[in-house]
Amino acid sequence: MSMFCYQCQETAKGTGCTVRGVCGKTDDVAQMQDLLVYVTKGISILGTIARENGYSSSVTDRYVMEALFTTITNANFDKSKIMNKVSEGIEIREMLKKEMKAKGIPIPGKLHSSTTWTPSSEDDMVKKASLVGILGAENEDIRSLRELVTYGVKGIAAYAEHASNLGYENDAVSGFMQKALASVTDDTLTVEQLVGLVMETGKHGVDVMSLLDKANTTTYGNPEITTVNIGVRNNPAILISGHDLKDMEELLRQTEGTGVDVYTHSEMLPANYYPAFKKYSHFVGNYGNSWWKQTSEFETFNGPVLFTTNCIVPPKESYKDRVYTTGSAGFEGFPHIADREAGKEKDFSPIIEHARRCASPTEIETGTITGGFAHNQVLQLADKVVDAVKSGAIRKFFVMAGCDGRMKSRDYYTEFARKLPKDTVILTAGCAKYRYNKLELGDINGIPRVLDAGQCNDSYSLAVIALTLKDVFKLNDINDLPIAYNIAWYEQKAVIVLLALLYLGVKNIHLGPTLPGFLSLNLANVLVNNFGIAGITTPDEDMKIFLG
Ligand code: SF4
Ligand code: SF3
């Protein structure tokens, strides 16, 4: 076994990638990511002690967030960048120790090895990287709980970074990320204590999504019902993917008046719903579908592509010389747009220049799709929605948020959406929507049967809608609402969305297309017994369960 990773839904055989990632991650990159997490744990242990003594450092907080984000599935495949990040981490850790000393904060003598390990050479780094994988924890339940917390915290880190890019930070969330990472190195914690930590992770998931929602809506306005063009125009263009709205804003501003159009791909589609972006006439619409279709869709797009975050698929020869990354995303050989310098925008001129040399996109679809049903917009329609529920025109809502993926078994979601009775409405967010957002599912009294709230983080909107309906219908329990949860997951942001829903008390969530490989049998039983979590079977069988 040259690597071990089981953090995503597509993990080999449902149990773990051991030679090469199904995602394309090579063993050396996987090991280097393990080392990055290890070093981040060391910083977090010290950061937690510092916080307990009233001291925190923004440099440390930023580092922990970025390092974790770098290790999310399909975000960064660039080994040398990951190695640089490890070296940067060692420097930050030592600086933090000096700062703690200067403040008179005692550092206990016996701490986890990650607080002191220092490489003497690159070879030393590579050697260590092969020794710090997750199989270090021998007890399967402990390992499972630790990894569940770690993946949840990776999801938190991703959302915290987007919020921070817009100037929104939450010290409690930063502190929690470090406390959680420190806790998963603590051999004295019991299974019960780790289960408690899982719930605490869910709480901070809610908080970080609320923070990001505030950051996005305060900066760019509330998403509104929007008809998004999925066809093309006859100009050279840039395709922007991932989740970072600050990058979206700066790219739109810098392309204005250049003759270069901008289109979104995959999780950037919801940018089309924001008033601040809709005003740009060169922002044409959305091209293509969810992330894994990029290998054919980037080919026909003809112009350069910008990844602001995951999900990157190792590229084909036909377009690999026109893909760029920025932020925590990276891939060896892709030019990387550098971070913002204080007070300045990122410089997207290389990608804009590149676009000018390219042909305009080849049309692969025509028409429109509709979205923009985040909480503010849906709550404006609340009376209509409540009336439809009271009159029986809407029998049930189905939350089908989450991720999309390559597996054939995900056809389930298309079939499920198609087979849902006509008096039901799908509430969605994340790239899972691409499995059914182009079906003609119609509407109920003018309310579309697929309501897209936005990106995966906008699952927060779905929670706000549910909690508001609970108050409107004067219910004591969120589970008494006519809402069923049939969620698709893939990477670690979906893990934090799931933990956030559990924290909010949502029960009987169906999770598919397979249950996480990192859940031990005992932990899976805890989730089944305490929260009613279930997998999926066939659309017909599940429909019977959901509709009682
Ligand atoms: Fe395998 Fe997923 Fe890990 Fe990639 S991220 S190595 S596919 S488990
Ligand atoms: Fe999608 Fe990667 Fe998760 Fe943000 S873009 S939902 S998979």
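If I model a spin label as a point 7 Å beyond the Cα along the Cα-Cβ vector, how far apart are those points for residue 382 and residue 316 in nm?
4.9
Report D for the chain in µm² per second (integer): Stokes-Einstein, Kirkwood Rh on Cα pairs, 37 °C, 0.692 mPa s. Write out the running numbers ahead of the final one.
Working: Rh = 23.8 Å.
In µm²/s, the coefficient rounds to 138.
Taking the Cα centroid of the range 81-133 and of the range 426-465, what is the distance between the two, rounded to the nearest whole Å?
Here the two parts' Cα centres lie 44 Å apart.
Helices from the chain with mean Kyte-Doolittle at least -1.0 and a Cα length along the axis of 24 Å or more, per DSSP H: which?
For the chain, where a helix must reach 24 Å along its axis and average at least -1.0, the hits are 27-52, 79-102, 140-165, 191-220.
Compute the length gained on full extension between residue 296 and residue 15: take 0.36 nm times their separation in residues and subtract their Cα-Cα distance, giving the result in nm to one decimal.
98.3 nm
Tell me whether the range 38-91 comes out rounded, prolate or oblate; compute the Cα gyration tensor, take square roots of the eigenvalues as a ≥ b ≥ c, and use a/c under 1.5 as the rounded threshold.
Details: a/c = 2.71, a/b = 2.16, b/c = 1.26.
Verdict is prolate for the range 38-91.
As an exercise, use a Förster radius of 35 Å and the Cβ-Cβ distance of residue 203 and residue 423 to find the FRET efficiency, rounded to the nearest 0.05. Don't skip to the end; give the middle numbers.
Values: r = 35 Å, r/R0 = 1.00.
The value I calculate is 0.50.
With a cut-off of 8 Å between alpha carbons and a minimum separation of six or more residues, what is the relative contact order of the range 365-468 in percent?
For the range 365-468, the relative contact order is 36 percent.
Given 97/128; 103/179; 279/320; 344/433, which pairs have Cα atoms separated by over 28 Å?
Listed pairs above 28 Å: 279/320; 344/433.
So what is the accessible area of the chain per residue, in Å², with the probe set to 1.4 Å?
38
At a threshold of 8 angstrom on Cα-Cα distance, excluding pairs fewer than six apart, so keeping six or more, what relative contact order does the chain reach in percent?
For the chain, the relative contact order is 17 percent.
Compute the distance from the alpha-carbon center of the range 499-532 to that of the range 252-307, in whole Å.
35
Classify the range 1-136 from the C-alpha gyration tensor, please: rounded if a/c falls under 1.5, else prolate or oblate depending on whether a/b exceeds b/c.
Details: a/c = 2.23, a/b = 2.02, b/c = 1.10.
It comes out prolate by the Cα gyration axes.
Between rounded, prolate and oblate, where does the range 226-356 land on the alpha carbon gyration tensor, with a ≥ b ≥ c its root eigenvalues, rounded for a/c under 1.5, else prolate if a/b exceeds b/c?
Because its axes are fairly even, with a/c under 1.5, the range 226-356 counts as rounded.
Charges only on Cβ, +1 for Lys and Arg, -1 for Asp and Glu: so what's the dipole of the range 373-547 about the Cα centre, in debye to the nearest 20?
180
If the chain between residue 408 and residue 359 were fully stretched, how many nm would it gain, using 0.36 nm times the residue separation less the Cα-Cα distance?
Residue separation times 0.36 nm, minus the Cα-Cα distance, leaves 14.4 nm.
Ignoring ligands, DNA and RNA, what percent of the 1.4 Å accessible area of the range 12-219 is carbon and sulfur? Don't skip to the end; give the middle numbers.
On the way: 4240 of 8310 Å².
Summing carbon and sulfur atoms, their accessible area is 51 percent of the total for the range 12-219.
Amide H of residue 425: which non-local residues (sequence gap of 5 or more, or other chain) have their own amide H closer than 5 Å, using H built in the peptide plane?
396, 397, 398
Normalised by the number of residues in the range 1-114, what is the relative contact order in percent for Cα pairs under 8 Å and 6+ residues apart?
Rounded, it is 27 percent for the range 1-114.
Please work out how much length the chain gains when fully extended from residue 171 to residue 368, using 0.36 nm per residue of separation minus the C-alpha to C-alpha distance, in nm with one decimal.
66.8 nm
Restrict the search to the range 440-507; then list the chymotrypsin sites (Phe, Trp or Tyr not before Pro) that DSSP places in a loop and that have at most 15 other Cβ atoms within 10 Å of their Cβ.
Answer by residue number: 473.
Calculate, in whole percent, how much of the Cα-Cα pair population of the range 97-242 lies beyond 27 Å.
47
Sequence-distant or interchain residues sharing an amide H contact under 5 Å with residue 261, placed H: which?
When sequence neighbours closer than 5 places are left aside, the close amide H contacts are 237, 238.
The values are calculated or read from the model by the stated rules, or taken from the named source; none is laboratory data. What you are looking at is a predicted structure, and each value in this text was computed from that prediction instead of being measured. Ideal geometry is used to build each Cβ from the backbone, glycine not excepted, and the neighbour counts take in all protein chains shown. SASA here: full protein model, heavy atoms, side chains in, ligands and nucleic acids out. Shrake-Rupley method; radii C 1.70, N 1.55, O 1.52, S 1.80 Å.
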